[in-house]
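Shown next, in structure tokens, is the structure this report addresses.
The values are calculated or read from the model by the stated rules, or taken from the named source; none is laboratory data. The structure presented is a predicted model; accordingly, all values stated were derived computationally and were not measured. Every residue, glycine among them, receives a Cβ derived from its backbone with ideal geometry; neighbour counts consider all protein chains shown. The area values use the complete protein model at the heavy-atom level, side chains included, leaving out ligands, DNA and RNA. Shrake-Rupley method; radii C 1.70, N 1.55, O 1.52, S 1.80 Å.
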Number of protein chains: 2
Amino acid sequence: MRLPVEALTRAAFAPFGEVIDADAGAATVAINAGTAQRHAALAEVDTSHAGGRAVISRVRAQPRALPCTVNRLERHPLGSQAFVPLDPAQRYLVVVASAIDAVPRAFLATNGQGVNYRRGTWHHPLLALDRVGDFLVVDRAGPGDNCEEAALPQAWELQLPS
Amino acid sequence: MRLPVEALTRAAFAPFGEVIDADAGAATVAINAGTAQRHAALAEVDTSHAGGRAVISRVRAQPRALPCTVNRLERHPLGSQAFVPLDPAQRYLVVVASAIDAVPRAFLATNGQGVNYRRGTWHHPLLALDRVGDFLVVDRAGPGDNCEEAALPQAWELQLPS
């Protein structure tokens with residue numbers, strides 16, 4: 001069955017985490033004697049559970065061809081996980097679900113938008129589009145099993161609106 | 001006096017923090033069924049002192065014209081601070097010092113290199129080059145005074161090697 005792809009907005013994504021972008025709505029403060037603007041605290045890093053700590057990593061993802069099929073999701077019970085594209089032209093799809101047996105939602109991230117999955121949020125691994133994509137990742141390192149995978153009750157097909 | 005500008009390498013920057021790049025030397029693991037490569041834990045986020053937490057922000061910096069003069073540094077006694085450019089073409093200068101009365105060192109960050117200043121490291125605020133630059137910032141929010149500024153014993157001039 002086809003899953004509709006929505007625009008990625010803060011309001012629509014709020015049940016799953018935070019959108020990391022510089023659009024209207026972010027509190028902006030002038031810093032460094034006015035030479036820079038800071039969009040402060042767009043996302044909260046939540047990684048201290050069970051003796052964890054936050055680390056910064058990079059991921060290089062191969063692009064997916066569309067349409068593609070999504071039939072499994074994963075979640076990290078011990079920490080948040082943020083992905084931010086390192087090129088503003090890099091588009092990618094974000095697939096999340098409020099429960100493993102709920103209908104997932106798919107969002108198209110554009111214009112350098114990043115996402116921060118709240119701790120425990122079901123999501124699909126990176127679905128880079130168009131080209132090989134580099135992403136910055138901020139997530140948890142530490143003891144314990146922080147990755148759970150599960151099959152969706154049915155497969156969903158993703159395609160961009162034409 | 002002119003401060004020489006060095007290439008930004010992990011070895012040269014090690015006394016001050018971590019370089020966040022994907023060059024040789026980073027441990028690489030295949031993830032997501034082989035569709036992505038992860039350069040894991042390039043930098044450690046150290047923000048839990050004095051009741052702090054880690055947050056993700058964005059900064060838009062105006063470019064500096066060169067030569068420019070550096071005469072003050074700042075440091076964050078309660079947490080690390082990472083800057084990663086959100087466009088691989090964005091160059092910037094990194095100025096750090098092992099002590100406020102030590103001779104600073106200047107590095108040119110290229111090819112999407114990010115830096116993570118270790119907690120308490122003296123550094124200059126963002127010195128974007130060439131164009132307006134967007135950076136992702138991972139640092140500390142929370143109680144306490146986490147910014148200390150001080151004048152250098154002398155002013156230093158920065159210029160790129162011709």
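So what's the net charge close to B:R91: Lys and Arg +1, Asp and Glu -1, counting the other residues with Cβ under 13 Å from its Cβ? Don't skip to the end; give the middle numbers.
Details: positive: B:R64, B:R131; negative: B:D87, B:D130.
Spelling it out: positives minus negatives among the neighbours equals 0.
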Problem set entry | Listed residues B:T35, B:T47, B:T110, most fluctuating in chain B (Gaussian network, C-alpha, under 10 Å) | B:T35
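Taking a ≥ b ≥ c as the square roots of the Cα gyration tensor eigenvalues, with a/c under 1.5 meaning rounded and otherwise prolate when a/b beats b/c, else oblate, which class fits segment A:28-107? Write out the running numbers ahead of the final one.
Numbers: a/c = 2.16, a/b = 1.41, b/c = 1.53.
Oblate.
How large is the charge dipole for the protein assembly as shown, taken about the Cα centre, if only the Cβ atoms of Lys, Arg (+1) and Asp, Glu (-1) carry charge, to the nearest 20 debye? Walk me through the numbers before you get to the answer.
Details: 30 positive and 32 negative charges, 37 e Å.
The calculation lands at about 180 debye.
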For this session: Would you mind counting up the charge near B:R53? Only other residues with Cβ under 11 Å from its Cβ, with Lys and Arg at +1 and Asp and Glu at -1.
Result: -2
Exercise. Please state the Cα pair-distance histogram of segment B:18-162 with 10 angstrom bins from zero: what percent is in each bin?
Worked result: 11, 36, 37, 14, 3, 0
For this session: Identify which of A:A150, A:A14, A:A40 has the largest mean-square fluctuation in a Gaussian network model of chain A, with springs joining Cα atoms closer than 10 Å.
Result: A:A40
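Below 8 Å between Cα atoms, with a sequence gap of 6+, how large is the relative contact order for segment B:1-86 in percent? Walk me through the numbers before you get to the answer.
Values: 51 pairs, mean separation 18.6, N = 86.
Rounded, it is 22 percent for segment B:1-86.
For B:E74 and B:T110, what is the calculated FRET efficiency with R₀ set at 22 Å and r taken between the beta-carbons, to the nearest 0.05?
Working: r = 24 Å, r/R0 = 1.07.
Result of the calculation: an efficiency of 0.40.
Only Cα pairs under 8 Å and at least 6 apart count here; give the relative contact order of chain A as a rounded whole percent.
Numbers: 399 pairs, mean separation 59.0, N = 162.
Taking the mean separation of contacting Cα pairs over the length of chain A, I get 36 percent.
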For this session: Multiply the residue gap between A:V103 and A:A65 by 0.36 nm, knock off their C-alpha separation, and tell me the result in nm, one decimal place.
Result: 11.4 nm
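Ignoring ligands, DNA and RNA, please state the percent of accessible area on the protein assembly as shown from carbon and sulfur, probe 1.4 Å.
Details: 6960 of 13610 Å².
Exposed carbon and sulfur together represent 51 percent of the surface.
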For this session: Kindly give the distances from B:A12 to its copy-mates, label point to label point, with each label point 7 Å from Cα along Cα→Cβ, as nm values to one decimal ordered shortest first.
Result: 4.5
For this session: Before rounding to the nearest 500, sum -39500 (n - 2.57) across all DSSP H runs of length at least 4 in chain B and divide by the residue total; then give [θ] at 222 nm in deg cm²/dmol.
Result: -500 deg cm²/dmol
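Segment B:41-138: which trypsin sites (Lys or Arg not before Pro) are DSSP loop and have at most 15 other beta-carbon atoms within 10 angstrom?
Details: sites: B:R53, B:R58, B:R60, B:R64, B:R72, B:R75, B:R91, B:R105, B:R118, B:R119, B:R131; in loops: B:R64, B:R91, B:R118, B:R119, B:R131.
Answer by residue number: B:R131.
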For this session: Mark the label point 7 Å from the Cα of A:A11 along Cα→Cβ and return the residues of segment A:74-115 whose backbone N is within less than 19 Å of it.
Result: A:105-110
